Amino acid sequence: MRILITGGTGLIGRRLCAFLTAQGHTLTVLSRQHSSVVKVLCGADVIPMCGLDEYRADTVFDAVINLAGEPIADRRWTASRQKILRNSRIGLTTALLRRIADAHHKPAVLLSGSAIGYYGDHGDDWQDESSSAGQDFGALLCVEWEGAALPAAAMGIRLCLLRTGLVLDAAGGVLQKMRLPFQLGLGMQIGDGRQWMSWIHIDDYIALLYSLLMDASAAGRFNMVAPNPVQNAGWTAALAHQLHRTAWLKMPAAVLRLMLGERALLLTGGQRVRPAQALARGFAFRYPELAAALDHLWQVPD
Ligand SMILES: NC(=O)c1ccc[n+]([C@@H]2O[C@H](COP(=O)([O-])OP(=O)(O)OC[C@H]3O[C@@H](n4cnc5c(N)ncnc54)[C@H](OP(=O)(O)O)[C@@H]3O)[C@@H](O)[C@H]2O)c1
């Protein structure tokens, strides 16, 4: 298939590019980076696209995977930062959909990004794809991000919305950030440790995404998470255990709120998310339990 990927240079995107190339697909990666950088990050065979103006009416893609988005956790959510976060997702998705609308040959399928932040913070209640959206900034961002992709369905394009959870990969993201503090014995529980963390091993993420890409019957919203989320206390204990350390420190939620502002909700709140659609489709997770996922990603010798 000829596939356009946005966000192909990111943590998930790089893994996806390697996987899809190995499967024999032809990839075009939309990126703000120089073409040579895109080829280093995504593979020598990918075709870099420097801007959406290169997606012309006669350009042919069979599928589009839309993952681009400014990192949400990196900086305080000031008004200007919120604008950047919105533009990089809603603005880009809207512009992408305009290009798709103008294309003579439309892609058969669009997989478009979202996040489990869609649900907001619901304490111990399970969330599946039919649960309602939250009201905080992150939730509203996801609602609009998904909304920007919806015109695809009206164009007869199969649309899968990827409500992504915490993606576990040793090479980046949350695990890479946490490894050193935990190795130094500075890993800590956040607040009362009861908030839920819905995670997924990168290999399962790629396999699930690929099954959605290839199966013409797949459409709708998909929680991209493993079936066994953990509470923050369990997460903290599992990471410490994997690295043969203890983690007895606790970060009070109030201190985090002071340090991070509204963004603290990403750590002090959480969602207990079930991948109901993936399970209903019979998707078999290779890493349904956190301990096995960590064991695979952080193979730490005794
Ligand atoms: N990783 C997770 O745990 C997780 C969890 C939930 C949701 N998600 C979502 O899934 C998507 C992929 O995640 P990831 O971890 O792979 O993200 P990532 O490593 O931060 O990469 C994000 C990608 O988005 C592009 N991008 C960033 N800022 C942009 C901007 N202002 N305008 C246009 N493009 C921009 C970048 O492409 P260029 O620099 O090449 O332009 C980059 O390749 C993101 O949208 C993220 O919000 C990820």
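The values are calculated or read from the model by the stated rules, or taken from the named source; none is laboratory data. From a predicted model like this one, the values you see are computed outputs, not experimental measurements. As a convention, Cβ positions derive from the backbone with ideal geometry for all residues, glycine included, and neighbour counts pool all protein chains shown. The protein model used for the area step is the full one, side chains on, heavy atoms only, and it has no ligands, DNA or RNA in it. Shrake-Rupley method; radii C 1.70, N 1.55, O 1.52, S 1.80 Å.
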Members of the range 264-285 found to be under 20 Å from Trp235 (Cα atoms) and within 18 Å of the chain's Cα centre (by Cα), listed by number: Leu265, Leu266, Leu267, Gly269, Gly270, Gln271, Arg272, Val273, Arg274, Pro275, Phe285
Can you pull out every residue in the range 242-272 that is free of Cβ contacts under 8 Å to residues at least 40 places away in the same chain and assigned to a helix (DSSP H, G or I)? Ala254, Val255, Arg257, Leu258, Met259, Ala264
Filter result (more than 16 Å from the ligand (Cβ to nearest atom) and open to solvent by 70 Å² or more (accessible area, probe 1.4 Å)) within the range 96-105: Asp102, His104, His105
For the range 267-277, enumerate the residues that are open to solvent by less than 60 Å² (accessible area, probe 1.4 Å) and out of contact with any Phe, Trp or Tyr (no Cβ under 6 Å at 6 or more places or on another chain). Thr268, Gly269, Val273, Pro275, Ala276
Within the range 121-136, is there a residue that is within 18 Å of the chain's Cα centre (by Cα), over 20 Å from Gly8 (Cα atoms) and at pLDDT below 95? yes
Can you pull out the residues in the range 47-68 that are out of contact with any helix residue (DSSP H, G or I) (no Cβ under 6 Å at 6 or more places or on another chain) and over 15 Å from Arg99 (Cα atoms)? Ile47
Note on the range 153-166: residues under 17 Å from Ala216 (Cβ atoms) and more than 20 Å from the chain's Cα centre (by Cα) are Ala153, Met155, Gly156, Ile157
Run down Ala291, Ala253, Ala264 and say which single residue is open to solvent by 60 Å² or more (accessible area, probe 1.4 Å) and closer than 29 Å to Gly185 by Cβ. Ala291
